[in-house]
Amino acid sequence: MEILDGKLVSQAIKDKLKIKLSEPGHQDSRPPHLAAILVGNDGASETYVASKIKNCAEVGFKSSLIRLEADCTEEKLVSEIEKLNKNEDVDGILVQLPLPKHINEEKIINLINPAKDVDGFHPVSTGRMVQGLSTFIPATPYGIMLMLEHYKIDTSGKHAVVIGRSNIVGRPISILLSLNTNPGNCTVTVCHSRTKNLKEICLQADIIVAALGKPGFLTADMVKENSIVIDVGITRVPDSNKKSGFAIKGDVDFSNVAPKCSYITPVPGGVGLMTIAALLMNTYNAYTQRLKINN
Ligand code: GUN
């Protein structure tokens, strides 16, 4: 069994980005610039946005954080996005989800200029991804693909079972794994809350992507020997031993599942770190396309 080390791989990607920024063509230009909008102060969203900003600084990107009150109007958010769309100094725009209930998430996502859609949530980005065209791929599935690529895992012809069908992870990773690419070329089954015989389906999987947000859901009896298991879960569960008062738990019962796997991602230290690295890659690509820099 080998651990797929998100810390190592994300650091390698960040180091590569740092080197690229020091190369000719980049030196004379402003740095890549990511603008994040955070509405309200949900604890998890605060942590994720803070981490995105810290990582931008680490690789030499500029970042801006626009904070709006939880009860801000939809019009206010729309006007902030319109300003960022027009701002030539901004390469990537990210609106942290979920948004408060009174704001129409779909409308907001549709408003982001697809050329700055570093989250890859705009329907133009999704459509291009489905067709296998170059685009911004949502950060978590993109991070998983970068991880598989780094470890040179042969996915061709394998049966991948994706548990979860969210627009952010489950659906895009199911599409990416099915494309005629490397990694890719999988036979993909998408499972969700209405799936019957989930255990039997998982037992036929060579690769399982657990992205349903239920801590410890995937147990050892659901996994065949030598499987590759990718754990996307990052649920906060109360833990009085932690200073923060909570621990981050994955969707996989790691200690019992890991011994059966050929490869497995840990939580923390797996997919979460790759998500940030993938966002930085998207921001860098948005920047080189905007400034027409060869990358
Ligand atoms: N909320 C959970 N994951 C994500 C993500 O990748 N991007 C944004 N913007 N919000 C999220």
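Where a number appears in this text, it was derived from the coordinates with a stated rule and is not lab data. As the structure is a prediction and not an experimental result, all values here were calculated from the model. Virtual Cβ from ideal backbone geometry, glycine too; neighbours counted across all protein chains shown.
General observations
- Here the sum of -39500 (n - 2.57) over DSSP H runs of 4 or more residues, divided by the residues of the chain, equals -11500 deg cm²/dmol at 222 nm, to the nearest 500.
- 3J(HN,Hα) from dihedral phi, region 160-172, Karplus parametrisation 6.51/-1.76/1.60, rounded to Hz, x for glycine, proline: 9, 10, 9, 9, x, 10, 5, 5, 7, 10, x, 5, x
- As a ratio to 2.2 N^0.38 Å, the alpha-carbon radius of gyration computed for region 154-250 takes the value 1.16.
- Positive end of the dipole of the chain (Cβ unit charges, origin at the Cα centre): among SER63, GLY245, LEU280, the Cα lying farthest that way belongs to LEU280.
- Annotation: aspartates and glutamates with alpha-carbon distance below 15 angstrom to LYS76 (same-chain offsets under eight excluded): GLU105.
- Degrees separating the helix 74-86 axis from the principal Cα axis of the chain, which is the longest one: 70
- Taking amide H as placed 1.01 Å from N in the peptide plane, ALA247 has its amide H under 5 Å from the amide H of VAL237, ASP239, each at least 5 places away in sequence or on another chain.
- Per-residue ³J(HN,Hα) for region 46-61, Karplus 6.51 cos²θ - 1.76 cosθ + 1.60, θ = phi - 60°, Hz, x for Gly and Pro: 4, 5, 5, 5, 4, 5, 4, 5, 4, 5, 4, 4, 4, 9, x, 8
- Rounded to the nearest 5, the antiparallel percentage of DSSP beta bridges internal to the chain is 10%.
- Rg over Rh [alpha-carbon atoms, Kirkwood Rh] for the chain: 0.97
- The orientation-averaged shadow of the Cα convex hull for region 186-295, equal to a quarter of the hull surface, comes to 10.0 nm².
- Relative to the longest principal axis of the Cα atoms of the chain, helix 6-21 runs at roughly 30 degrees.
- ³J(HN,Hα), Karplus 6.51/-1.76/1.60, whole Hz, each residue of region 88-100, x for Gly, Pro: 5, 7, 10, 9, x, 10, 10, 9, 5, 9, x, 8, x
- Helix 139-150 and the long axis of the chain differ in direction by around 60°, with both axes built from C-alpha atoms.
- Theoretical gain in end-to-end length, GLU23 to ARG67 [0.36 nm per residue, Cα-Cα removed]: 12.5 nm
- Judged by the mean number of other Cβ atoms found within 10 Å, the most tightly packed of the peptides 14-25, 243-254 leads the ranking 243-254, 14-25.
- Amide H contacts of LEU218 (H built 1.01 Å from N, under 5 Å, at least 5 apart or other chain): VAL252, ASP253
- If both residues of a DSSP beta bridge must be in region 188-274, then about 35% of such bridges are antiparallel.
- Lys/Arg +1, Asp/Glu -1 at C-beta; the chain dipole; positive extreme among VAL223, PRO32, PRO141: VAL223
- Zone of VAL124's modelled label, taken as backbone nitrogen in region 86-102 under 17 Å from a point 7 Å along Cα→Cβ: 86-95
- Residues whose amide H lies under 5 Å from that of LYS158, counting only those 5 or more places away or on a different chain, are THR187; hydrogens are built 1.01 Å from N in the peptide plane.
- When both region 19-36 and region 152-196 are represented by their alpha-carbon centers, they are found 34 Å apart.
- Cα gyration tensor shape of region 40-101, rounded if a/c is under 1.5, else prolate or oblate by comparing a/b with b/c: oblate
- For region 1-85, the relative contact order is 31 percent, taking Cα pairs closer than 8 Å that sit 6 or more residues apart in sequence and dividing their mean separation by the residue count.
- Distance between region 65-127 and region 211-226 - C-alpha centres, whole angstrom: 34
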